[in-house]
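Colleague: Below is the structure I would like to discuss, written out as structure tokens.
The values are calculated or read from the model by the stated rules, or taken from the named source; none is laboratory data. Quick caveat: nothing in here was measured; it's all calculated off a predicted structure. Cβ placement follows ideal geometry from the backbone for every residue including glycine, while neighbour counts extend to all protein chains displayed. To get the accessible areas, we keep the full protein, side chains included, count just its heavy atoms, and leave off ligands, DNA and RNA. Shrake-Rupley method; radii C 1.70, N 1.55, O 1.52, S 1.80 Å.
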Amino acid sequence: MTNAAYNVLRILDRSGEKISGEKISKELGISRSAVWKHIQELRDLGYEIEASQKEGYHVVQRTRRLLPYEIRRHLKTKRIGSDLHYAVTTPSTIWLGKQMMREIDDEIEEGLVIIAEEQTSGIGRLGRSWASPAGGVWITILLKPSIPISRAYMIMMAASVAVARAIRKEYDIGALIKWPNDIFIGDKKVAGMHLELSAEADVIHYCLLSIGIDVNVSVSDLMPVLNREVTSISEELGYEVDRAKFLARVLTEFERRYNLLERNEFEALIREWKSLSCTLGQRVEIRTLKKTFEGEAIDLDEQGALIIRKDNGKIERIIAGNCYLL
């Protein structure tokens, strides 16, 4: 959206009722034909704008795109979302984040959120591909945390808690966290995340936190192997939701948990993660690169490892691997 089109939209929103092209042109110091041109630009972006020669222009339906302007209308944060970068399509938002950090590192402040309508090569946990069609929320957040590198995994905990809480608060759906950081509704995955660090010794230079959420995604449009294992918010509710409002809620919830980390209130975050876990207390199958076994997930330790009581009674500590609920 050009700045001029943004200024026209801002006036339309502020008015709340029909406003003439003449009034808009006078306020912005542009011609009425220029106003009409910017109205057309807004329509091309998905805004439905009524026009009357006598009464003027009026927004009757907002765009379905995740435009920064729409997100800021709902956003209540201080750092996260301080800058919003929008792309219609990209290989992945984390790829775009890496490119930006290589080119303009010093100019980027913490809290930048990169948003894409569609990812062609989305990345999930352990480098797996993540289907990212239009209708989802695909973002990467740039962070510069002042925490020990040994606590970096807690950024993922903060994100998983934030997404689960956002779904619960916005839609009253019982979203839960499956270790280590997947968000499930019932027995189906609705969101996941991925974290990459740039660090030296024990100092984190920056982090790129990617979050992918199936919001208004039609599960039937996904690959057959996936649609048995995943769901979307719209599939659960039976209708499409306001993605901009939902993303603003996710960013707000994340900032609250990220602030806990910055204040070294690690225990508070771990407690909340445990309260939302659908893994703890359950019988699970664990698959690592070296072995597969079953047991009961009994706890999460301070390093984020899952503690399993195996069927033979022995205790196993799992740092990385796949966890399946039985």
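Colleague: Would a scan of the range 45-62 turn up a residue that is closer than 20 Å to ARG249 by Cβ, under 24 Å from the mean Cα position of the chain (by Cα) and not small (Gly, Ala, Ser)?
Modeller: yes
Colleague: Right, another one. Looking at (1) out of contact with any helix residue (DSSP H, G or I) (no Cβ under 9 Å at 6 or more places or on another chain); (2) buried (at least 24 other Cβ atoms within 10 Å of the Cβ), which is the only condition SER210 fails?
Modeller: (1)
Colleague: Just name the residue that is nearest to LYS76 (Cα to Cα) out of those in the range 231-276 that are of a type in the set (Asp, Glu) and not in a helix (DSSP H, G or I).
Modeller: Here is the first cut: in the range 231-276, the residues of a type in the set (Asp, Glu) are 235-236, 240, 242, 253, 255, 262, 265, 267, 272.
Filter again for not in a helix (DSSP H, G or I), leaving 240, 242, 265.
Details: GLU240: 23, ASP242: 16, GLU265: 22 Å.
Filtering first and then ranking leaves ASP242.
Table: residues versus (1) modelled with pLDDT of 95 or more; (2) in contact with a strand residue (DSSP E or B) (Cβ under 9 Å, 6 or more places away or on another chain).
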{"residue": "THR2", "(1), (2)": "no, no"}
{"residue": "LEU9", "(1), (2)": "yes, yes"}
{"residue": "SER15", "(1), (2)": "no, yes"}
{"residue": "ILE24", "(1), (2)": "yes, yes"}
{"residue": "ARG32", "(1), (2)": "no, no"}
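Colleague: Let me ask another. Every residue in the range 174-219 that is over 13 Å from the mean Cα position of the chain (by Cα), over 18 Å from ILE147 (Cα atoms) and hydrophobic (A, V, I, L, M, F, W, C), please.
Modeller: Of everything in the range 174-219, those that are over 13 Å from the mean Cα position of the chain (by Cα), over 18 Å from ILE147 (Cα atoms) and hydrophobic (A, V, I, L, M, F, W, C) turn out to be ALA175, LEU176, ILE177, TRP179, PHE184, ILE185, VAL217, VAL219.
Colleague: I need the helices (runs of 4 or more DSSP H) fully contained in the range 1-70, keeping only those with at least 2 residues that are of a type in the set (Asp, Glu) and surrounded by 12 or more Cβ atoms within 10 Å (Cβ to Cβ).
Modeller: Fully inside the range 1-70 and qualifying: nothing.
Colleague: Next question. Just name the residue that is most open to solvent (accessible area, probe 1.4 Å) out of those in the range 74-93 that are part of a loop (DSSP other than H, G, I, E, B) and of a type in the set (Val, Ile, Thr).
Modeller: Filtering the range 74-93 down to residues part of a loop (DSSP other than H, G, I, E, B) leaves 74-83, 91-92.
Next, only the ones that are of a type in the set (Val, Ile, Thr) stay: 77, 80.
Working: THR77: 37, ILE80: 1 Å².
Within the range 74-93, the match that is most open to solvent (accessible area, probe 1.4 Å) is THR77.
Colleague: So the check is Cβ under 6 Å with 6+ separation or different chains; which pairs have a first residue in the range 233-250 that's open to solvent by 70 Å² or more (accessible area, probe 1.4 Å) and a second one that's not in a helix (DSSP H, G or I)?
Modeller: Matching pairs, first to second residue: GLU236/ILE173; GLU236/ILE185; GLU240/ASN216; LYS245/HIS74.
Colleague: Just need a number here: residues in the range 185-199 that are open to solvent by 30 Å² or more (accessible area, probe 1.4 Å) and within 21 Å of GLU235 (Cα to Cα).
Modeller: So the answer is 4.
Colleague: Take ALA297 and tell me if it is small (Gly, Ala, Ser), in contact (Cβ under 8 Å) with a residue 60 or more places away in the chain, surrounded by 15 or more Cβ atoms within 10 Å (Cβ to Cβ) and part of a helix (DSSP H, G or I). Show your work before the answer.
Modeller: Working: small (Gly, Ala, Ser): yes; in contact (Cβ under 8 Å) with a residue 60 or more places away in the chain: yes; surrounded by 15 or more Cβ atoms within 10 Å (Cβ to Cβ): yes; part of a helix (DSSP H, G or I): no.
Judged against the criteria, ALA297 is not a match.
To keep it simple, each residue is scored yes or no on (1) small (Gly, Ala, Ser); (2) crowded, with 16+ Cβ neighbours inside 10 Å.
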{"site": "SER220", "(1), (2)": "yes, no"}
{"site": "ARG271", "(1), (2)": "no, no"}
{"site": "LEU280", "(1), (2)": "no, yes"}
{"site": "ILE286", "(1), (2)": "no, yes"}
{"site": "ARG317", "(1), (2)": "no, no"}
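Colleague: If you check GLU302 against the conditions, is it surrounded by 15 or more Cβ atoms within 10 Å (Cβ to Cβ) and either part of a strand (DSSP E or B) or at pLDDT below 95 (or both)?
Modeller: Considered against the rule, which asks whether it is surrounded by 15 or more Cβ atoms within 10 Å (Cβ to Cβ) and either part of a strand (DSSP E or B) or at pLDDT below 95 (or both), GLU302 comes out as no.
Colleague: While we're on this one: Output the residue which, of all residues in the range 171-182 that are of a type outside the set (Ser, Thr, Tyr) and within 12 Å of GLU236 (Cβ to Cβ), is least open to solvent (accessible area, probe 1.4 Å).
Modeller: Our first condition is that a residue be of a type outside the set (Ser, Thr, Tyr); within the range 171-182, this holds for 172-182.
This time we only want the ones that are within 12 Å of GLU236 (Cβ to Cβ), so: 172-175.
Values: ASP172: 139, ILE173: 21, GLY174: 48, ALA175: 0 Å².
That would be ALA175.
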